[in-house]
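The values are calculated or read from the model by the stated rules, or taken from the named source; none is laboratory data. Keep in mind that this is a model prediction, so the values were computed, not measured. Methodologically, a virtual Cβ is constructed for each residue, glycine included, from the backbone with ideal geometry; neighbour enumeration extends over all protein chains shown. Quick note on the areas: whole protein, heavy atoms, side chains included, nothing else; ligands and nucleic acids left out. Shrake-Rupley method; radii C 1.70, N 1.55, O 1.52, S 1.80 Å.
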Amino acid sequence: MNTRNTQDTPRLQEVAENVHAYIQPDGGWCLNNAGLIVAGNRSALVDTAATEARARALKEAVAPLTARPPQFVVNTHSHGDHTFGNYLFADDAVVVSHERTRTEMADIGLHLTGLWPEVCWGDVSVELPTLTFRDRLTLHIGDVTAELLHPGIGHTTNDTVVWLPEQRVLFTGDLVMSGATPFCLMGSVSGSLAVTEQLRALDPVTVVAGHGPVGGPELLDTTEGYLRRVQEIARAGLAAGIGPLEAAREADLGEYAELLDSERLVPNLHRAYAEEKGAPPGRPLDIGLLFSEMIEYHGGLPACHA
């Protein structure tokens, strides 16, 4: 049974010279990480935060480290915990994302706030990226080179990683979780495995996941191992003629059972089932149905401490 620690306050952690991870414990639902890259009087943020209060806390935390407000904000994907805070930075920064991230942000709007109406979201709004790319884009932040890469369909159809080749630091967004369960509701299990191999080929030393503590390449190993286990459970469930919800109830996740937010197994299995039946990565699924089955499996709405 996994445990939660939501009492720790967000913190900046320097992961390389003038490169920082902004960690929001415990890394569960909507408690995402962000990043800060500083070079002289230039700086860039990687993602923002879910609520007005958390986005303002992020802005206050990075201010002492930057000569002026960040000139770039990179959104790693469309989900509100990584993008709702854009509006607090957009007057000074160019917001950058994959082209489908912008489209999806416009389509889903503030939908995330309706999933957890008890959260104090504050006066958040959707601030769309003003610069988009398709495959890769290089930002030059002073003398720091930041490569923005779209490695394929994984957590969503529009994920971006930020790779600093000289520092060998990789900001993965939610393609990789640290101590939390991977989530492929809007992406792909098989695609995530392919993406993980691409990220491994970069040979990072430091991996800043979308949620949870900073780690290294072992986070890629955990991601791969969990997703292969999901595929195994899906194949066994299909062979037994049972659906994803029943398969989840009967499943033994082994070493991955301790990851936070294990209820994500249900939508992950729906995605794996669909792919085993021939669905292409990223094909839209009934998100409402999958979320409701996840709630049923969990015995209630998962806690969101944003």
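Do we have Leu219 as out of contact with any His (no Cβ under 8 Å at 6 or more places or on another chain) and either part of a loop (DSSP other than H, G, I, E, B) or in contact (Cβ under 8 Å) with a residue 40 or more places away in the chain (or both) here? Yes; evaluated as a whole, the condition is true for this residue.
Scanning the stretch 277-306 for residues that are among the charged types (D, E, K, R) and surrounded by fewer than 16 Cβ atoms within 10 Å (Cβ to Cβ) turns up Lys277, Arg283, Asp286, Glu296. Working only within the stretch 125-151, note down all residues that are in contact (Cβ under 8 Å) with a residue 60 or more places away in the chain and either over 24 Å from Asp92 (Cβ atoms) or open to solvent by 40 Å² or more (accessible area, probe 1.4 Å) (or both). Answer for the stretch 125-151, where residues must be in contact (Cβ under 8 Å) with a residue 60 or more places away in the chain and either over 24 Å from Asp92 (Cβ atoms) or open to solvent by 40 Å² or more (accessible area, probe 1.4 Å) (or both): Gly142, Asp143. The set of residues in the stretch 47-81 being touching a strand residue (DSSP E or B) at 6+ places or on another chain (Cβ under 7 Å), in a helix (DSSP H, G or I) and open to solvent by less than 40 Å² (accessible area, probe 1.4 Å) consists of Leu58, Ala61, Val62.
Selection within the stretch 233-260: residues that are free of Cβ contacts under 8 Å to residues at least 24 places away in the same chain and open to solvent by 40 Å² or more (accessible area, probe 1.4 Å). The member of this set that is nearest to the chain's Cα centre (by Cα) is Asp252. Tell me, please, whether a residue that is under 18 Å from the mean Cα position of the chain (by Cα), at positive phi and modelled with pLDDT of 95 or more can be found in the stretch 209-225. Scanning the stretch 209-225, I find at least one residue that is under 18 Å from the mean Cα position of the chain (by Cα), at positive phi and modelled with pLDDT of 95 or more, so the answer is yes. With respect to being free of Cβ contacts under 8 Å to residues at least 24 places away in the same chain and more than 16 Å from the chain's Cα centre (by Cα), Asp91 fits the description. Taken together, the residues in the stretch 175-215 that are under 15 Å from Val15 (Cα atoms), surrounded by fewer than 23 Cβ atoms within 10 Å (Cβ to Cβ) and not hydroxyl-bearing (Ser, Thr, Tyr) amount to 4.
Within the stretch 153-172, if we keep just the residues that are touching a helix residue (DSSP H, G or I) at 6+ places or on another chain (Cβ under 9 Å) and more than 19 Å from Ile287 (Cβ to Cβ), the residue that is most open to solvent (accessible area, probe 1.4 Å) turns out to be Trp163. All of Gly40, Gly122 fail the test of being among the small types (Gly, Ala, Ser), open to solvent by 10 Å² or more (accessible area, probe 1.4 Å), in contact with a helix residue (DSSP H, G or I) (Cβ under 9 Å, 6 or more places away or on another chain) and on the phi > 0 side of the Ramachandran plot, apart from Gly122.
When restricted to residues that are touching a strand residue (DSSP E or B) at 6+ places or on another chain (Cβ under 8 Å) and buried (at least 23 other Cβ atoms within 10 Å of the Cβ), the stretch 25-37 contains 6.
Restricting the stretch 264-276 to residues that are among the charged types (D, E, K, R) and in contact (Cβ under 8 Å) with a residue 60 or more places away in the chain leaves a set whose member that is surrounded by the most Cβ atoms within 10 Å (Cβ to Cβ) is Arg271. When the stretch 149-199 is filtered for residues that are in contact with a strand residue (DSSP E or B) (Cβ under 6 Å, 6 or more places away or on another chain), more than 22 Å from Glu258 (Cα to Cα) and among the β-branched types (Val, Ile, Thr), the ones remaining, listed by number, are Thr160, Val161, Val162, Val169. Of the residues making up the stretch 237-251, just one is part of a helix (DSSP H, G or I), of a type in the set (A, V, I, L, M, F, W, C), more than 10 Å from Val266 (Cα to Cα) and in contact with a helix residue (DSSP H, G or I) (Cβ under 7 Å, 6 or more places away or on another chain), namely Leu238. Here is the figure for the stretch 86-104: residues that are surrounded by 20 or more Cβ atoms within 10 Å (Cβ to Cβ), over 15 Å from Arg56 (Cα atoms) and among the polar types (S, T, N, Q) total 2.
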